[in-house]
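Engineer: Pasting a structure here, questions to come.
The values are calculated or read from the model by the stated rules, or taken from the named source; none is laboratory data. What you are looking at is a predicted structure, and each value in this text was computed from that prediction instead of being measured. Only protein heavy atoms, including side chains, enter the accessible area calculation; ligands, DNA and RNA are left aside. Shrake-Rupley method; radii C 1.70, N 1.55, O 1.52, S 1.80 Å.
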Amino acid sequence: LGYVADRRGRHVRFLAKAELFDKQPLGVLLRTLGQIPVARGGDKAADSLAAAVEALRHGQCVVVFPEGTISLDLEPMVGKTGTARLARTSGVPVLPVGLWGAQRIMFKGRKPAWRWGVAETAVVGTPLRVAPTDDVREATDRIMGAVCRCVARARELYPQRPAAGDDW
């Protein structure tokens with residue numbers, strides 16, 4: 001996803017679990033690249049929302065994976081309302097994106113298989129607006145519906161079929 005944005009002259013800032021910033025050397029890299037830590041469930045949880053809104057208001061591209069984690073069945077999970085709240089607060093549209101292929105390299109519960117030549121497909125959908133009066137749950141459903149359509153299209157377009165021994 002960072003590559004897709006870079007090809008269009010944009011640098012992205014990812015929202016990432018705060019725990020990742022505590023791991024070395026990953027935490028140093030995340031901080032150096034200006035990524036935004038998300039402290040979930042504590043009194044600092046609102047700080048990540050404020051940092052993301054500030055970045056958006058300065059024209060930066062903030063990436064949120066609204067399903068919150070990788071689902072084991074490779075389908076987007078039920079969305080959380082953070083993306084809709086960010087869009088509603090900042091006035092910035094949500095650009096839904098569907099990705100396919102990265103799971104062949106690294107996936108939850110599997111040993112990473114770093115290798116060259118594994119395709120990744122990204123499908124970018126139509127921007128969605130969330131008005132100040134929109135219900136965040138309804139907006140979240142619209143956003144996740146668009147993400148699901150993008151993921152489905154990315155699967156259809158995916159150029160590689162697994163070879164013998166590749167159970168993906």
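Engineer: Mind pulling up the Rg/Rh value for the chain? Radius of gyration and Kirkwood radius, both on Cα. Display every interim value, and only then the final one.
Structural biologist: Values: Rg = 16.6 Å, Rh = 17.2 Å.
Rg divided by Rh gives 0.96.
Engineer: If you stretched the chain out fully between residue 115 and residue 81, how much longer would it get, using 0.36 nm times the residue separation minus the C-alpha to C-alpha distance? Don't skip to the answer; put the middle values down first.
Structural biologist: Values: separation 34, 0.36 × 34 = 12.24 nm, distance 3.54 nm.
Residue separation times 0.36 nm, minus the Cα-Cα distance, leaves 8.7 nm.
Engineer: Here's something else I'd like to know. Once the whole set of protein chains is in place, how much accessible area is left on residue 135, using a 1.4 Å probe, in Å² to the nearest 10?
Structural biologist: Surface accessible to solvent at residue 135 totals approximately 90 Å².
Engineer: Nearest 10 degrees is fine. How inclined is helix 45-57 to the longest principal axis of the chain, computing both from alpha carbons?
Structural biologist: Here the helix axis deviates by roughly 90 degrees.
Engineer: Nearest 500 deg cm²/dmol is fine: what mean residue ellipticity at 222 nm does the chain get from its DSSP H runs of n ≥ 4 alone, each adding -39,500 (n - 2.57), divided by its residue count? Provide the component values of the computation, followed by the final result.
Structural biologist: Values: 5 runs with 57 residues, N = 168.
About -10500 deg cm²/dmol.
Engineer: Inverting the mean 1/r over all pairs of different Cα atoms, compute the Kirkwood radius of region 14-65 and quote it in Å. Before the final figure, lay out the partial values.
Structural biologist: Values: mean 1/r = 0.0889 Å⁻¹.
When all Cα pairs of region 14-65 are included, the Kirkwood radius is 11.2 Å.
Engineer: What residues qualify as long-range amide H neighbours of residue 63, i.e. H under 5 Å apart, gap of 5 or more or another chain, H built at 1.01 Å from N?
Structural biologist: 13, 14, 15
Engineer: In Å², and per residue, what accessible area does the chain have when probed at 1.4 Å with the other protein chains present?
Structural biologist: Working: 10720 Å² over 168 residues.
I get 64 Å² per residue for this part.
Engineer: Give the carbon-plus-sulfur fraction of the accessible surface of the chain in %, rounded to a whole number; probe 1.4 Å, heavy atoms of protein chains only.
Structural biologist: Answer for the chain: carbon and sulfur cover 58 percent of the accessible area.
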